[in-house]
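The values are calculated or read from the model by the stated rules, or taken from the named source; none is laboratory data. Because the structure is predicted, anything quoted here is derived from the model rather than measured. Cβ coordinates were reconstructed from backbone atoms using ideal geometry, including for glycine residues, and neighbour counts include every protein chain displayed. With ligands, DNA and RNA removed, areas are computed over all heavy atoms of the protein, side chains included. Shrake-Rupley method; radii C 1.70, N 1.55, O 1.52, S 1.80 Å.
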Amino acid sequence: MDRNVGGFDRVLRIVLGAALLLIGYRNRDRTAGTLAFIAGSDIVATAIIQRCPVNAVLGIDTCSAE
């Protein structure tokens, strides 16, 4: 799978993922907190590896052609 996450999308994923990680950590004794932590981890991972399966299925590519 080719890279399909870049630019503003990548920065937004890192910020949103970090926020969800923080919310999840603060509420780790609740189910919603655990789910927020898992979602945040996934969002940060897609930003780091620059590959998102959902973007691939939808045909979205925010990487600049290099």
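Calculate, for Asp61 and Val15, the FRET efficiency according to 1/(1 + (r/R0)^6) with r their C-beta to C-beta distance and R0 22 Å; round to the nearest 0.05.
Details: r = 21 Å, r/R0 = 0.94.
Efficiency at R0 = 22 Å is approximately 0.60.
Taking θ as phi - 60° and the Karplus parameters 6.51, -1.76 and 1.60, the scalar couplings of region 9-20 work out to 4, 5, 5, 4, 5, 5, 5, 5, x, 5, 5, 5 Hz in sequence order, x denoting glycine and proline. Distances between placed amide hydrogens fall under 5 Å for Asn4 paired with Arg51, Cys52, all partners being 5 or more residues away or on another chain.
Taking Arg13, Arg26, Arg51 as the candidate residues, the one with maximal mean-square fluctuation in a Gaussian network model of the chain, Cα springs under 10 Å, is Arg26.
Ignoring any ligand, DNA or RNA, what whole percent of the accessible area of the chain comes from carbon and sulfur when the probe is 1.4 angstrom?
On the way: 3040 of 4740 Å².
Carbon and sulfur together cover 64 percent of it.
Just the number please: accessible area per residue for the chain, 1.4 Å probe, all protein chains included, in Å².
Working: 4740 Å² over 66 residues.
In whole numbers, the chain has 72 Å² accessible per residue.
Hey, of (1) 1.33; (2) 0.97; (3) 1.07, which did the structure itself give for Rg/Rh (Cα atoms, Kirkwood Rh) when calculated? Label of the calculated value: (3). If R0 is 30 Å, what FRET efficiency do you get for Arg28 and Ile48 from their C-beta distance, rounded to 0.05? The formula returns an efficiency of 0.85 here.
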